[in-house]
Amino acid sequence: MELFTVFIYFIFVDMAFAGTNAIHWSYKEGDLDQMHWSDEYPECGGQNQSPIDIQRRSVRHDPQMLHLELLGYEAQKGNFRMTNNGHSVQIALPPTMVIAGGLPDRYTAVQMHLHWGGWDLEASGAEHTIDGIRYMAELHVVHYNSDKYASFAEAKDKPGGLAVLAFFYEDGHFENTYYSDFIANLAKVKYAGQSTNLPNLNVRSMFPENLNHFFRYQGSLTTPPCYESIIWTVFDTPITLSHNQIRKLESTLMDNENKTLWNDYRIAQPLNDRVVTSSFLPRLGRGTFCRQEEIEAKLLKIEGLITSLGSHIHSDGGAVVTSRKGPRVIIPMVLHFTERSVGSYVKVHHGHSMALRSFSVCMHVRTHTGAVHTVHTVLSYSTAGHDNELVVAVGYEVGLWIGNEFVNFPHNLQSRGWSSYCLTWASHSGGAELWINGMVGEEQYLRSGYELQAGGTLVLGKDQDGFLGVSDADAFVGQMTDVNVWDYVLSASEIRDQMSCESSAFRGNVLSWGVTHLSLYGGVQLEAEHRCP
């Protein structure tokens, strides 16, 4: 009788996480895709939604944060139901698994499920991102507050009613044998609604070894009804799966419409007034973490060196494109960033206000061989309020930041030659589009109704941060040319015209390539070898 009761309990939990059965939602297709969830589920438009982009520079370290005490996560035998619910694959967990310490109350496990990518060769599908970077996939282990509530159903919409442990996956060369049975059983639940029983389960072995480094914030369910009831714990150390295991996860299951189930993730939501805390001191970019006083002392020295270097280059005049008669057009003009260093960047002396409610940014770039699997910051506009007021980064995916909010545009471009990129955004809808070599991708949405702040600093080739003004995180290495910015959205024909080699191709009215005053720092070279013969 007890086993039967638990079985009914698991069915109820599955239905609760799937949302209201009468309303069919999806991630990217249909009338109720994720951009319209709030039409039927109002809490999906709330101020404390998940997932988020965790920006390590903004995280608040809490040295008093307790590590989690997990009980019952080790190997056990039984019947653990694994189900394809049409949106993901999930495993029902026994109530003997609990978080007994590290959170305000005791939390009992309910189920675990995954989110992944895979569509159109997209290599990443985690829900949370770290500094705008998306991992391959993400695991969620869901619990409810069993100190205050009798069941998941009672706790799911209450503040602090749920706790979710989130883990990232990365791609490796060797098979993770702790996942072998799980991956092999995916074929048994290929179609939506199918289930199978796992006779053995060792959840702890599916986690990374290090559980001491994590981020925490208050958020929501990442699927409808999006209740803002979750204490999120996002672990920093990723789990490694082999390339073959990742591909099986991405290609085996079918959704409710009998299509391959992929890209089952929600895009990052605004952080708003929330604070993300961490149990450790996160590394900022590459290298080990230094304490704040050490960082500030070192940055003051570097800043002085760069200021001196910039003044020297400016006085020589070779990097400033002006004349006594005013700005003159220099065509062709190519900027060559030869190495990744904190001192190599280009400052843009634009005369046009950056208080923009729409824009188009177009450029041609060629990244160095060996750097195609990274992300390169092409353009970065920083203000006193936002380090990432407007940032464009290209690489294995294209990232766009507006007002410190981020979206990514997956693509399958693998060219090592010159490539054309254009990004457009309109405040009235929040719609942003990416064009690569004259082809447009799927529209993304962020910062509807927002206006970019004026009075900031615009640079090329570097990210900017609050300490120094420039950072070598995601620094550009390669060549760029024809970087233009307009204060309106270009038409499709105007965007395609940017690929032309004709000298008559029109230039931006905010940043006009070859006309706008530029200052080059730290060995950035000015070349005349253009992308066009």
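The values are calculated or read from the model by the stated rules, or taken from the named source; none is laboratory data. Quick caveat, the model's predicted, so the values are computed rather than measured. Please note: Cβ atoms are built from the backbone with ideal geometry, for glycine as well, and neighbour counts cover all protein chains shown. Only protein heavy atoms, including side chains, enter the accessible area calculation; ligands, DNA and RNA are left aside. Shrake-Rupley method; radii C 1.70, N 1.55, O 1.52, S 1.80 Å.
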Any chance you could count how many residues in segment 489-520 are modelled with pLDDT of 85 or more and farther than 29 Å from Gly430 by Cβ?
5
Is at least one residue of segment 202-220 touching a Lys or Arg at 6+ places or on another chain (Cβ under 9 Å), closer than 28 Å to Gly86 by Cβ and modelled with pLDDT of 95 or more?
yes
Going through segment 54-78 one residue at a time, which ones are surrounded by 13 or more Cβ atoms within 10 Å (Cβ to Cβ) and either touching a helix residue (DSSP H, G or I) at 6+ places or on another chain (Cβ under 8 Å) or β-branched (Val, Ile, Thr) (or both)?
Ile54, Val59, Leu70, Tyr73
Can you tell me which residue among Ala126, Ala153 is assigned to a helix (DSSP H, G or I) and within 27 Å of Trp116 (Cα to Cα)?
Ala153
Only one of these conditions is not met by Tyr149: (1) farther than 23 Å from Phe182 by Cα; (2) crowded, with 23+ Cβ neighbours inside 10 Å. Which number is it?
(2)
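Checking the conditions here, which among Ile267, Ile295 is out of contact with any helix residue (DSSP H, G or I) (no Cβ under 6 Å at 6 or more places or on another chain) and at pLDDT below 90? Don't jump to the end; show me each part of the working.
On the way: Ile267 fails: at pLDDT below 90.
When all the criteria are applied, what remains is Ile295.
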Does segment 172-195 include one or more residues that are of a type outside the set (Ser, Thr, Tyr), under 20 Å from Arg134 (Cα atoms) and within 22 Å of the chain's Cα centre (by Cα)?
yes
Against the definition (over 22 Å from Ser220 (Cβ atoms), basic (Lys, Arg) and either touching a residue at least 24 places away in the same chain (Cβ under 8 Å) or open to solvent by 40 Å² or more (accessible area, probe 1.4 Å) (or both)), how does Arg81 come out, yes or no?
yes
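Give segment 141-160 a look and list any residue that's in contact (Cβ under 8 Å) with a residue 60 or more places away in the chain and touching an Asp or Glu at 6+ places or on another chain (Cβ under 8 Å), or say none.
Pro159, Gly160
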Met65 meets each of (1) more than 26 Å from the chain's Cα centre (by Cα); (2) in contact (Cβ under 8 Å) with a residue 24 or more places away in the chain with one exception, condition (1)
Considering only segment 226-245, state which residues are within 19 Å of the chain's Cα centre (by Cα) and open to solvent by less than 10 Å² (accessible area, probe 1.4 Å).
Trp232, Thr233, Val234, Phe235, Ile239
For residues in segment 233-267 being in a helix (DSSP H, G or I) and among the hydrophobic types (A, V, I, L, M, F, W, C), which is farthest from Tyr27 (Cα to Cα)?
Ile246
So is Glu451 among the acidic types (Asp, Glu), within 15 Å of Tyr488 (Cα to Cα) and either at pLDDT 90 or above or within 18 Å of the chain's Cα centre (by Cα) (or both) or not?
yes
Does His143 meet the test of being at pLDDT 95 or above, closer than 14 Å to Val98 by Cα and either open to solvent by less than 10 Å² (accessible area, probe 1.4 Å) or hydrophobic (A, V, I, L, M, F, W, C) (or both)?
yes
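Hey, could you check segment 183-206 for residues that are part of a helix (DSSP H, G or I) and either among the polar types (S, T, N, Q) or free of Cβ contacts under 8 Å to residues at least 40 places away in the same chain (or both) and say which is most open to solvent (accessible area, probe 1.4 Å)? So that I can check it myself, show each step before the final result.
Let us first name the residues in segment 183-206 that are part of a helix (DSSP H, G or I), namely 183-189, 204-206.
Still in the running and either among the polar types (S, T, N, Q) or free of Cβ contacts under 8 Å to residues at least 40 places away in the same chain (or both): 184-185, 205.
Numbers: Ala184: 69, Asn185: 22, Ser205: 25 Å².
Filtering segment 183-206 for residues that are part of a helix (DSSP H, G or I) and either among the polar types (S, T, N, Q) or free of Cβ contacts under 8 Å to residues at least 40 places away in the same chain (or both), the one most open to solvent (accessible area, probe 1.4 Å) comes out as Ala184.
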